[in-house]
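Read through the structure below, which is laid out as structure tokens, and then see the notes.
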Amino acid sequence: MAETKRTQLYLPITQYQAIQRVAQVERGSVASVVREAIKDYLAKRRAILEKDWEKDPINELIGIFEAEEDLSIDHDKYLYG
């Protein structure tokens with residue numbers, strides 16, 4: 001196993017119990033079930049993790065117009081009146 005980092009998670013009881021059942025059936029540990037689940041989760045999102053966000057076309061919109069200084073705070077006022 002690669003170098004590891006200890007962490008702590010708070011899970012709903014039902015999720016924890018389900019993980020415990022999987023670990024028991026597979027004769028493994030709760031930690032190994034959680035690691036495998038995270039590995040699968042990240043594999044499904046590989047495109048997001050590897051995307052070069054600096055080249056995203058949406059960045060071309062930055063700075064194309066001027067707005068009130070409080071636009072990010074009072075955006076509802078400007079959008080809905």
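The numbers here are math on the coordinates, done by the rules we state, and not lab data. Keep in mind that this is a model prediction, so the values were computed, not measured. A quick note on method: Cβ atoms are made from the backbone with ideal geometry, for glycine too, and the neighbour counts reach across all protein chains shown.
Stretch Arg35-Trp53 to full length: gain in nm at 0.36 nm per residue minus the Cα-Cα span? Write down the numbers at each step before the final one.
Values: separation 18, 0.36 × 18 = 6.48 nm, distance 2.70 nm.
Gain on stretching Arg35 to Trp53: 3.8 nm.
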Q | Spacing of the two label points (7 Å from each Cα toward its C-beta) at Val25 and Thr7, in nm | A | 2.5 nm
Q: Fewest Cβ neighbours within 10 Å first, please rank Ser32, Ser72 accordingly.
A: Ser72, Ser32
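Among rounded, prolate and oblate, which fits segment 12-81 when a ≥ b ≥ c are the square roots of the eigenvalues of its C-alpha gyration tensor, a/c under 1.5 means rounded, and a/b larger than b/c means prolate?
Oblate is the answer for segment 12-81, as a/c is 1.5 or above yet b/c matches or exceeds a/b.
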